[in-house]
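These notes are about the structure you will find just below.
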Amino acid sequence: MERPLFKFSLWVLLVIVFVQMNGCRACLEKERIGLLEFKAFLKSNCELIDNLDSWVEDRMSDCCGWDRVKCNTTSRRVVDLSLNEVLTFSDPKTCSLNLSMFYPFEELLGLDLSDNWFYGWIHPAAFANLKFLKTLDMSSNYFNGSISMEAFANLKLLETLDISYNDFSGSILMGAFANLKFLKTLDMSYNYFNGSISMEAFGNLKLLETLDISYNDFSGSILMGGLCGLKSLVKLGLSYNYFSGPLPQCLGNLSNLRYLDLTYNQFSGNMQSVVSKLTSIKRLLLSGNNFEGLFSFSVLANHSKLEMFQLSSGGSKLEVETENPTWFPTFQLKIFLLSECHLNVRTRKIPSFLLYQHGMQLIDLSHSKLVGEFPSWILQNNSRLQVMNLMNNSLRGTFQLPNFNHNLVKLEISSNNITGQLPKEFGLVLSNLMYINMSRNSFHGIVPFSIGEVRGLLLMDLSNNNFSGALPGSMLGNCTDLDALYLSNNNFSGMIGVDINADPSVIDISNNKLSGKILDKGQFETFVESSYRGNPGLCGPTIYRSCNTNQVLATPLSNDTKSEEEDEDGIDMVWFYWSFSASYVTILFILIVILCINRHWRMYWFYLVDVCIYFISIRLFGTDCLCM
């Protein structure tokens, strides 16, 4: 009896598997129709990048095999629609999307509508049928108006909601996201949300890991009660709003926080006590606020995960101290931005803890009134450094190269007191540079020929130094992308011949000791007189100085002036003819009078006339027949 039962069970199992693999492979009919209707809507109202060619109106075609569509392998219901970047750039007012078109997809888990040009208002019941949705991405569109959070009320399983880069506006009410208890990522950045926001609106989002409401118009002080309860929060972005007031102390209790961006708000007060508690932080961005008091870097000694730090004073009330008390970092920075700070106001020293940093990619200590020797050791210690900005300080000494080929892309050390010559291997060691600004220092000597090895160079500014010798232009023949070259206020001498294979929009070689003719071909035809002035030995039409006489040429005149000048030239010619005729008549008259008065001269005159006639007769006719 057991054997027939076993055979029957095995037969039933095989039938079920066969049916699942063959008999029910097609997607649900209403979902197939829904997809075709969505495609028809796009073709009628929008401009497509992707024509969705696999979406065909053929009952034999399984929509689960269509591009951008994923189905559950068992139920064959559509569970994911990747409709991002379907549309091309067009007038955003031409493609208003009715989100009720997604009603048939009741088991949808993921919906991606990002990077399109959809616009329109989000109806409160827009997602009423999508009760299983976990991921909703509507970013980078033109959805607009005040968004009703009721639209998301039924999305109780939602884990990711991205509505960034749209035109949403209005205020966010308390409890707006109360039902989204499984939400982990909420991105509302780059919109026009405004007004005072109560962080109680996020109070129930206990699993929230990412909250980004930056680049909006939120204002007022932050009521942090709800926010401080989000113990799972990893990323918090509040930048580019109008938040004000001191930072709540409870913000320091977010022990899992790795990324905090408060830049460009109006926060005030002393933030040191809050920052000191964020020992798990990796990226800390605080610039563009109104913080006050003393901030000592020693409070970051135990922040072993810190990789990025950004702070600017925003005013005169914040002082930043890195030297006192003595401390040693446990972190390795990648990005360090401390521009325009009241930094080490007693010593004006470069932060000494940077000696222990070996993985920096970007450093900016500009506009900080620093003194001391130029820190060439920053380049030596950080082989992956891409940007080095120390401009507008009072650093002295010489510029030294690291002892290896460096990957630096931008070097900005202008407006210091750096002296000496550029090392001859400059272009070989720093061959990846795209931006060089060494202006307003005291460099001297020639520009090394190796500068020609910096082939990706876009801008070079060596102005306001004491460089001498020939122009480095002939060395830049390989720099085909060069767009701007500033060499003014130096002591360059010699001929101006500049062999540049690029087509720069700006060249300034004014106030040097150059000579010779200014090139009047290629890109040099487009440069104005101010690019060359202050070089007494130069000549050419551009600076209105003749290369033949070394006299100043007339400046270009307007059309009206040219017409007047032409008229004046015509009057001069008439006077010339009149004066010539008068002179001729006067001389002839005087000759006749003299011949009439003096008989001896008269006889001599006739003799000369006879000799002339005789000479002409012999030369032309071989006879003196003209003589009578």
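The values are calculated or read from the model by the stated rules, or taken from the named source; none is laboratory data. For clarity, every value in this text was computed on a predicted model and none was experimentally measured. Neighbour counts run over all protein chains shown; Cβ positions are idealised from the backbone, glycine included. Ligands, DNA and RNA are excluded from the accessible area calculation, which covers all protein heavy atoms including side chains. Shrake-Rupley method; radii C 1.70, N 1.55, O 1.52, S 1.80 Å.
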Go through region 351-361 residue by residue and turn each phi into a ³J(HN,Hα) via Karplus (6.51, -1.76, 1.60, θ = phi - 60°); whole Hz please, and just put x for glycine and proline. x, 6, 5, 5, 4, 9, 9, 10, x, 5, 10
Most to least packed among 300-310, 50-60 [average Cβ atoms within 10 Å]: 300-310, 50-60
Quick query: amide H of Gly145 versus all other amide H atoms, modeled in the peptide plane; which residues come in under 5 Å with a sequence gap of 5 or more or a different chain? Ser169
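For region 367-430, what % of the accessible area comes from carbon and sulfur atoms, probe 1.4 Å? Kindly include the intermediate steps, with their values, before the conclusion.
Working: 1200 of 2630 Å².
Reported share for carbon and sulfur atoms: 46 percent.
For Asp483 and Leu36 in the same chain, what is the full-extension length gain: residue separation times 0.36 nm, less their Cα-Cα distance, in nm?
On the way: separation 447, 0.36 × 447 = 160.92 nm, distance 5.09 nm.
Full-extension gain reported as 155.8 nm.
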Charged-residue dipole, Cβ positions (Lys, Arg, Asp, Glu), region 35-107 about Cα centre, Debye nearest 20: 140 debye
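Can you flag which of Lys43/Lys70; Lys235/Lys317; Lys235/Lys349 are past 30 Å Cα-Cα? Provide the component values of the computation, followed by the final result.
Details: Lys43/Lys70 22 Å; Lys235/Lys317 28 Å; Lys235/Lys349 33 Å.
From Lys43/Lys70; Lys235/Lys317; Lys235/Lys349, over 30 Å: Lys235/Lys349.
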I'd like the distance separating the alpha-carbon centroids of region 151-202 and region 378-430, in whole Å. 47 Å
Normalised by the number of residues in region 317-454, what is the relative contact order in percent for Cα pairs under 8 Å and 6+ residues apart? 17 percent
Using 7 Å Cα-to-Cβ label points, what is the Asn302/Leu48 separation (nm, one decimal)? 6.0 nm
Phi-based couplings in Hz for region 236-250 (Karplus 6.51, -1.76, 1.60; Gly and Pro marked x): 10, x, 10, 5, 6, 10, 10, 5, 9, x, x, 6, x, 4, 5
Check which residues have an amide H placed less than 5 Å from Phe218's amide H, if you skip close sequence neighbours. Tyr242
Name the residues whose placed amide hydrogens come within less than 5 Å of the amide hydrogen of His303, ignoring near sequence neighbours (fewer than 5 apart) on the same chain. Thr330
Points 7 angstrom from Cα along the Cβ direction at Leu207 and Ser232: gap in nanometres? 0.5 nm
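With a 10 Å radius around each residue's Cβ, average the other Cβ atoms per peptide and rank 450-463, 414-427, highest first. Walk me through the numbers before you get to the answer.
Numbers: 450-463: 20.4, 414-427: 18.6.
Per-residue Cβ counts within 10 Å, averaged per peptide and sorted highest first, yield 450-463, 414-427.
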Name the residue farthest towards the positive end of the dipole of region 326-381 from the options Gln380, Trp327, Leu362, assuming +1 on Cβ of Lys and Arg, -1 on Cβ of Asp and Glu, about the Cα centre. Trp327
